Amino acid sequence: MGLEEAGDLVLHIILSKIGPENTARVACASKRLKASASEDSLWSIFCSLDLNISTPLDPHGDPSPSFKEAYQSWRESFRMYPWNLVKRVRSCWDNLKLWLSLNFPEAKATLRKGATEDELEEFESALKVKLPLPTRLLYRFVDGQELSSSSYALDGSLGLIGGYSVYSHEVNVYLLPLKEVIRETNETMSDLGVSNGSNFIVVAASVSASLKMFFLDCSNGQLYTGTSTRQMLPCVPDSLVSINGEQEQQDAMLLWLEEHGRRLQTGVIKVHEQDNIKSISLFPEVPPLCSVAVTNGVQVRASSVFIPEVSNLRDHPPAYWYAYSIRMSLMPEGCFLNGRHHSSCQLYWRHWIIRADDEVIDKVNGEAVIGKYPLLQPEEEEFVYESCSNFPTTSGSIEGSFTFVPGSLKDPKGGQFEVKVEEFPLKLPDYIF
């Protein structure tokens with residue numbers, strides 16, 4: 001049986017399976033097939049699958065008369081790009097926007113509307129570069145983040161990439177809009193003594209006082225960040241980057257944002273709120289990158305983040321710096337010790353065993369943590385503190401314990417006990433954020 005003999009429902013199902021390109025070809029075969037291939041319910045399926053839109057909207061967000069015309073306007077607007085790449089970039093931004101809508105609407109509000117082709121051409125002319133197609137498409141959909149003082153907290157906490165804070169070192173990375181890319185690139189390259197003919201552009205940066213930047217090499221599609229001694233570290237595995245040849249193009253910017261979106265969606269990283277200020281924290285929240293241990297009702301979670309901007313890889317041995325976050329809390333049932341329940345316990349002492357490449361390089365014993373003796377009680381928020389350490393190798397770990405007393409240090413209800421801190425890794429990551 002041919003398509004002409006198929007019933008309307010069967011024909012509709014067949015056309016929905018073969019996709020929009022083949023549906024357009026089928027429409028040329030006969031009047032009946034043309035009518036079936038023009039049904040708007042069919043094109044609503046294509047719009048949903050390819051563009052994740054449930055109402056007929058054109059690329060500018062304006063209503064279209066039909067789903068078919070909406071789909072055609074999208075194809076026409078992006079005709080200079082491979083359609084599979086358009087769909088992939090669109091999906092990347094859709095996933096990020098959905099997560100932001102649900103978890104961090106304040107940051108979503110900073111995303112700018114997409115740049116036009118004319119604006120992209122002016123940008124390339126200003127910096128004398130040719131953007132890789134994936135990055136060009138990323139800016140077609142979203143032109144970075146708005147950095148005006150009215151749209152972000154005074155400390156710059158709404159960065160899409162997020163960051164960390166260790167003592168006075170605060171980092172929160174924003175995706176820069178094209179106008180800021182031009183300004184930052186010109187200023188930074190001038191400071192570095194690099195000529196205007198460089199293929200490096202600054203695409204993301206921390207707006208806080210602690211300097212951290214991400215550079216896209218437009219010639220090879222790789223994304224880099226700098227160390228304290230101006231060495232460039234790749235932020236994405238080189239083997240994944242492909243901007244030439246017959247393979248589907250995927251530069252480091254696209255891979256980087258896709259990986260960031262996956263980590264947000266799976267809960268590996270989350271929004272952290274402190275002093276009523278929200279930000280995306282890059283400290284991992286789930287195993288295996290975050291260790292979890294519960295001892296006598298006290299839970300301790302620990303994880304780390306590589307800090308490239310203060311690392312010095314020219315030293316002998318090199319210094320790979322990591323920030324680590326320790327989160328401790330008392331379970332709802334309280335502290336359970338020697339058959340008795342206690343409604344509180346207080347930290348007194350810390351013990352660390354620090355390893356590099358599985359060899360112990362240091363042991364630390366001392367009172368308190370960052371000068372504090374946290375008192376833990378059930379149902380209270382985690383006590384969180386950050387510190388940092390440097391390693392001579394790309395791979396290390398920390399484990400140890402905290403000495404607690406039941407009750408409080410002023411009014412102890414029993415003898416001291418040890419709370420385990422499960423080993424957590426400090427390792428140069430495949431993806432650097």
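The values are calculated or read from the model by the stated rules, or taken from the named source; none is laboratory data. What you see is a predicted model, and the numbers here were worked out from it, not measured in a lab. Note that each Cβ is placed from the backbone with ideal geometry, even for glycine, and that neighbours are counted across all protein chains shown. Each accessible area value is taken on the protein alone, full model and side chains, heavy atoms only, with ligands, DNA and RNA left out. Shrake-Rupley method; radii C 1.70, N 1.55, O 1.52, S 1.80 Å.
What tally of residues in segment 337-353 results from selecting those that are β-branched (Val, Ile, Thr) and either assigned to a loop (DSSP other than H, G, I, E, B) or open to solvent by less than 20 Å² (accessible area, probe 1.4 Å) (or both)? Steps first, answer last, please.
The first filter runs over segment 337-353 and keeps only residues β-branched (Val, Ile, Thr), leaving 353.
Still in the list and also either assigned to a loop (DSSP other than H, G, I, E, B) or open to solvent by less than 20 Å² (accessible area, probe 1.4 Å) (or both): none.
Adding up the residues that qualify gives 0.
Applying the criterion of being more than 30 Å from ILE280 (Cα to Cα) and charged (D, E, K, R) to the residues of segment 304-317, the residue that is most open to solvent (accessible area, probe 1.4 Å) is ARG314.
Among residues of segment 98-126 that are farther than 25 Å from ILE201 by Cβ, those with a beta-carbon under 6 Å from a residue that is part of a loop (DSSP other than H, G, I, E, B) at least six positions away or on a different chain give the pairs GLU106/LEU158. Restricting attention to segment 161-172, which residues are in a strand (DSSP E or B) and either at pLDDT 95 or above or surrounded by 24 or more Cβ atoms within 10 Å (Cβ to Cβ) (or both)? Listed by number, the residues that qualify are GLY162, GLY163, TYR164, VAL171, ASN172. Evaluating ALA368 against the criteria (1) free of Cβ contacts under 8 Å to residues at least 40 places away in the same chain; (2) open to solvent by 40 Å² or more (accessible area, probe 1.4 Å) leaves one unmet condition, (2). The one condition from (1) open to solvent by 20 Å² or more (accessible area, probe 1.4 Å); (2) under 26 Å from SER101 (Cα atoms) that TYR320 does not meet is (2). Restricting THR229, THR225 to residues that are at pLDDT below 95, of a type outside the set (Asp, Glu) and either in contact with a Cys (Cβ under 8 Å, 6 or more places away or on another chain) or open to solvent by 20 Å² or more (accessible area, probe 1.4 Å) (or both) narrows the list to THR229.
Scanning segment 173-195 for residues that are at pLDDT below 95 and either within 20 Å of the chain's Cα centre (by Cα) or part of a loop (DSSP other than H, G, I, E, B) (or both), we see that the one that is surrounded by the fewest Cβ atoms within 10 Å (Cβ to Cβ) is GLY193. When residues of segment 409-433 are filtered for being closer than 18 Å to GLY366 by Cα, part of a loop (DSSP other than H, G, I, E, B) and not hydrophobic (A, V, I, L, M, F, W, C), how many remain? Going through segment 409-433 one residue at a time, the tally reaches 1.
Residues in segment 263-282 that are free of Cβ contacts under 8 Å to residues at least 40 places away in the same chain and among the charged types (D, E, K, R): ARG263, GLU273, ASP275. Residue-level check: of (1) assigned to a loop (DSSP other than H, G, I, E, B); (2) more than 16 Å from GLU258 (Cα to Cα), GLY221 misses just (2). Among residues of segment 227-245 that are closer than 19 Å to PRO82 by Cα, those with a beta-carbon under 6 Å from a residue that is part of a helix (DSSP H, G or I) at least six positions away or on a different chain give the pairs LEU240/LEU255; VAL241/ALA252. For segment 92-115, a tally of residues being polar (S, T, N, Q) and more than 19 Å from LEU51 (Cβ to Cβ) returns 2.
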